[in-house]
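Any read-out appearing in this document is the output of simple, stated calculations on the displayed coordinates, not a laboratory observation. Note that the structure is a prediction, hence the values are computed from the model and not measured. As a convention, Cβ positions derive from the backbone with ideal geometry for all residues, glycine included, and neighbour counts pool all protein chains shown.
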Amino acid sequence: MKKSYIVILSAALFGWASCHRTPDTPTPTTPTVETLEVPQPSYFPAMVYDLKSNPLTTDGFQLGRSLFYDGILSRNGTIACGTCHQQAAAFTHHGHDLSHGIDDKIGMRNAPAIQNMAWEKDFLWDGGVHQLDLFPMAPIENPVEMDEKLSNVLQKLRDSKNPNYPELFKKAFGTTEINTERFTKALSQFMLFLVSNNSRYDLYLKGSTNAITATEKEGLAVFKQKCATCHASELFTDHSFRNNGLDMARSTDQGRFRITQNPDDLYKFKVPSLRNVSYTSPYMHDGRFTTLEQVLDHYAKNAKQSATLDPILQQATPAGIPLTDDEKLKIIAFLKTLSDDSFVKDWRFSDPGFGKSF
Ligand code: HEC
Ligand code: HEC
């Protein structure tokens, strides 16, 4: 009885809705370790990330949060992960078609949303990384993103007094040792907890039939018929790589081909989730469209024929997905029900304020 009282009290104090104590698994230095559970909505597919390999704790998450928002990860201290992945824009780079990194250098692609990462099996638009824990090396060592060596980052963290990273690592992992594994696991803990499942559409799925309007329901029906083969499941992606007919004349980005060198993969990109899509403009791997209207016009009348164009878009003549103006409006109305206001405003995911990037 008394124990559960403490659990409720501490949860209330820290605002952690989904954490609980694990009194049976103490560690030597953190006997009051609080575990965090990544929510698993019943209507999501099975999780891909093996949480047993990196059990989430409040302290691990908080460490990851500090690291995510700290420019110390970049060569000159100016660029944090959170510079290009901004919460208000569902962790995309608001207003940038291609992301901007160190010394205002322009990146190659549009920054995708960071949400529901525990369900993702390949990362990047071309699927070049398969493990979330291996991910941070890519932006850190990228000359147009953070342009730093991981070994330098670890050394700067060991030397850091404000925040006192050795102390934060001790809280999270039991000792002050700072190594690659702990560093990346803490960042993963932060990203894994960024679960978006609280949009009006989610309320609808949970049984509130009136959470979305009649027009939005009609939009959902058209979406299921014309879009959901690729934007599949309640995550709105089948996690495959496909060519959706973008005009590649203005681009040198060969997509999935960069990774596989297989000509069948030319210009194929990962099907993105559409959750929070009203916050994540601009759209596509190069941010070429700023509005959902433009996206739907693309599918309806501007899809480009090419050797690797997806067969689904080849069924119509001319290529694409035939859509009436009424259907476009309804689809857009539906897509807006995927906005999760609580996700973009959740203070637990926000900049803790002692990073040096802003
Ligand atoms: C300069 C801007 C920039 C910075 C800084 C940056 N990112 Fe990104 N991020 C991007 C872009 C652009 C992509 C897509 C790149 C691609 O597909 O080639 C991306 C992709 C990702 C993805 C893959 C998401 C998916 O669905 O495939 C994750 C995860 C991620 N970033 C996490 C991080 C973390 C963690 C950091 C800090 C260590 C970070 N990013 C720093 C711009 C940035
Ligand atoms: C053949 C598979 C396929 C079909 C069908 C499809 N899409 Fe896509 N969609 C993709 C791929 C692949 C991308 C990413 C392409 C890129 O960036 O190069 C994408 C990107 C998008 C984006 C941009 C998201 C972002 O974050 O940048 C939106 C919005 C979108 N699709 C909506 C729709 C709608 C609405 C429909 C139905 C009218 C639809 N899609 C049908 C494969 C598909």
Suppose only helical runs count, i.e. DSSP H with n ≥ 4. What mean residue ellipticity at 222 nm does that imply for the chain under -39500 (n - 2.57) per run, divided by all residues and rounded to the nearest 500 deg cm²/dmol? -8500 deg cm²/dmol
How high is the relative contact order of the range 200-339, in percent, with contacts defined as C-alpha pairs under 8 Å that are six or more residues apart? 32
Quick one: Debye curve from the alpha-carbon atoms of the range 137-291 only, equal weights, vacuum; give me log10 I(q)/I(0) at q = 0.12 Å⁻¹ to two decimals. -0.82
Extent along principal axes [Cα atoms of the chain; Å; largest to smallest]: 67, 49, 33
Which whole-number percent gives the relative contact order of the chain, counting Cα pairs below 8 Å spaced six or more residues apart? 21
Charge dipole magnitude, Cβ of K and R +1, D and E -1 - the chain, Cα centre, debye nearest 20: 520
With angles folded into 0 to 90 degrees, how steeply does helix 325-336 sit against the dominant principal axis of the chain? Use alpha carbons for both and round to 10. 0
Under a 5 Å amide H to amide H cut-off, with H placed in plane at 1.01 Å, what residues pair with GLN86 once short-range neighbours are removed? PHE91, THR92, HIS93, HIS94
Leaving out same-chain residues fewer than 8 places away, which aspartates and glutamates sit with a Cα under 14 Å from that of LYS224? GLU216, GLU234, ASP238, GLU327
Compute the distribution of all C-alpha to C-alpha distances in the range 200-339, in bins of 5 Å from 0, and list the percent of pairs in each, rounded to whole numbers. 2, 10, 18, 23, 21, 13, 7, 4, 2, 0
Measure up LYS268/LYS330; LYS171/LYS345; LYS268/LYS301 against 24 Å on the Cα-Cα distance and list the ones that go over. LYS268/LYS330; LYS171/LYS345
With no solvent and one point per C-alpha, what does the Debye sum give as log10 I(q)/I(0) for the range 183-259 at q = 0.14, 0.16, 0.21 Å⁻¹? -0.77, -0.89, -1.03
Non-local residues with an amide H under 5 Å from the amide H of PHE289, with H modelled 1.01 Å from N and Pro and chain starts lacking one, are TYR283
